[in-house]
1. Give all pairs with beta carbons closer than 7 Å in which a residue from region 1-24 that is touching a residue at least 40 places away in the same chain (Cβ under 8 Å) meets a residue that is among the aromatic types (Phe, Trp, Tyr) and part of a helix (DSSP H, G or I); count only pairs at least 6 apart in sequence or on separate chains.
2. Just checking, how many residues over region 1-34 are farther than 19 Å from ALA51 by Cβ and modelled with pLDDT under 85?
3. When the residues of region 10-53 are filtered to those that are surrounded by fewer than 12 Cβ atoms within 10 Å (Cβ to Cβ) and closer than 21 Å to MET63 by Cα, which remaining residue is nearest to the chain's Cα centre (by Cα)?
Amino acid sequence: MRIPFSLSLAKTGTFAAVHFTVAFSVAYLLTGSLGIASAIALIEPAANTVAYLFHERAWSRFMPEPHRVSPPAASVPPAGPPAPQVG
């Protein structure tokens with residue numbers, strides 16, 4: 001089963017927001033400069049976000065197809081004598 005593209009985009013968007021925040025925070029703590037931190041927070045996460053979308057789509061190709069998944073145990077008929085028929 002493939003992941004719908006809309007779900008991949010939504011996950012990519014939330015990933016980007018978290019990544020931008022972390023990148024800015026780390027860059028600011030290391031440099032003390034809002035300008036440098038902003039530049040780093042725009043360039044590096046943007047590239048990583050695009051890479052993540054391709055990564056997510058590649059992983060969706062490895063999801064099991066519905067016809068390949070083993071049936072649940074509940075679909076196996078119970079052992080024992082057959083139930084009496086009414087009628």
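The values are calculated or read from the model by the stated rules, or taken from the named source; none is laboratory data. Here the structure is a predicted model, which means the values were calculated and not measured. FYI the Cβ positions are ideal-geometry reconstructions off the backbone, even for glycines, and counts take in every protein chain you see.
1. THR12/TYR52
2. Of the residues in region 1-34, 2 are farther than 19 Å from ALA51 by Cβ and modelled with pLDDT under 85.
3. Only one residue tops the list, namely ALA10.
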